[in-house]
């Protein structure tokens, strides 16, 4: 049973600050950009792991983007279940590092008491406020891995798919009440390649939220009907969406 979920950008130490400030809102004392108790991820500090030599059969070379931690009462049992579902165990210590069937790295970590944070209100230069919240991990899946990844994440989390049209390229999973992070499976146009992930923010004023991120150093890559793709100062893509921060649903 997954009791909590956190996600954070995979960054080299020297570039963590600029990226974190873009997504967390510019607070230097709040370096992690994902939902978590007190807005700080418990595992922001380095964790001991069994080293896997580069090029070894178990090695994972993360393609960048965002990493997922799933918090569970029994880390070892959850990892064994994941392997039976098609994951690959990569390393273990106080956490277990795995890779999904398509190669997305993720970890099982210990559960701890937590509550879902409220969306902060950001002031507008001319007065008023808007709200936003980093609340969704989009798992980007090339076509060759699509069916396997859909089956894997539904079985691993126990979260059912929300109803979508046949052939839909965006398939959200229905998270339990109280959990901070949604999972969205996104089928890419790429025929093959590694599965990766990026963060999505829900915001009630996408234009104002875009301006806030631009002021913090991000740049716009594309504007779609219901979301805007941005690139942070370290080169990682993420999206601002029209979903409601309080619920994660579209208005």
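Structural remarks
- When 159, 153 are screened for being in a loop (DSSP other than H, G, I, E, B) and either surrounded by fewer than 17 Cβ atoms within 10 Å (Cβ to Cβ) or on the phi < 0 side of the Ramachandran plot (or both), only 159 passes.
- Scanning the stretch 86-109 for residues that are under 17 Å from the mean Cα position of the chain (by Cα) and part of a strand (DSSP E or B) yields a total of 8.
- The residues of the stretch 110-132 that are under 17 Å from the mean Cα position of the chain (by Cα) and surrounded by fewer than 23 Cβ atoms within 10 Å (Cβ to Cβ), listed by number, are 116, 117, 119.
- Condition check for residue 243: in contact with a strand residue (DSSP E or B) (Cβ under 8 Å, 6 or more places away or on another chain), outside any loop (DSSP other than H, G, I, E, B) and in contact (Cβ under 8 Å) with a residue 60 or more places away in the chain: no
- All positions within the stretch 96-118 that are modelled with pLDDT under 95 and in contact with a strand residue (DSSP E or B) (Cβ under 6 Å, 6 or more places away or on another chain): 111, 114
- Selection status of residue 140, within 23 Å of residue 82 (Cβ to Cβ), outside the structural domain of residue 81 (by TED's automatic domain parsing) and in contact (Cβ under 8 Å) with a residue 24 or more places away in the chain: yes
- Selection status of residue 204, farther than 24 Å from residue 100 by Cβ and modelled with pLDDT under 95: no
The values are calculated or read from the model by the stated rules, or taken from the named source; none is laboratory data. Quick caveat, the model's predicted, so the values are computed rather than measured. Using ideal geometry, Cβ is built from the backbone for each residue, glycine included, and neighbour counts are taken over all protein chains shown.
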